[in-house]
Amino acid sequence: MPDKTRLEHEIERHEMYRTSFGVGLLIVLLIIMLSVSGIYIYKLRQEIIRKDHEIIRIKENFQKEKTELLRKIKQFSDASNQQGKEHKTEGTLTD
């Protein structure tokens, strides 16, 4: 008398197949999720790099504008001082 009948052997085989199929499906889903996550992270890094370049460009433009503004202020200040000196010398010449 066999320990297990043919039906019991078939049920065990079916259960093993179903379990291995479930594990395989789980592995495939995990691989897909990791791939999608990797692609998303790559795109985020590219976006961060692009934003960093934009920030650097804005800082450089700000520095150029600041330097130009300081140059103009100095130029106007020098012109104003020059005009003040001319008025003082004119006032002493007419006296």
- Rounded tilt (10° steps) of 6-94 against the dominant C-alpha axis of the chain: 0 degrees
- Task: Starting from the Cα of Thr67, step 7 Å along the direction of its Cβ; do the same at Leu29; then give the gap between the two resulting points in nm.
- Result: 5.9 nm
- Calculate for the chain the 222 nm mean residue ellipticity that helices alone would give, adding -39,500 (n - 2.57) per DSSP H run of length 4 or more and normalising by residue count, nearest 500 deg cm²/dmol. -36000 deg cm²/dmol
- Task: For the chain, count the residues as N, evaluate 2.2 N^0.38 Å, and divide the Cα radius of gyration by that value, please.
- Result: 3.27
- Note on the structure: FRET efficiency for Phe76 and Gln46 from the Cβ-Cβ distance with R0 = 41 Å, rounded to 0.05, comes out at 0.35
- Note on the structure: One finds, for Arg13 and Val36 with R0 = 30 angstrom and r their Cβ-Cβ distance, a FRET efficiency to the nearest 0.05 of 0.30
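Read-outs: derived from the displayed coordinates by stated rules, not from any lab. Remember, it's a predicted structure, so these values are computed and weren't measured experimentally. Here the Cβ is made from the backbone with ideal geometry for all residues, glycine too, and neighbour counts use every protein chain on show.
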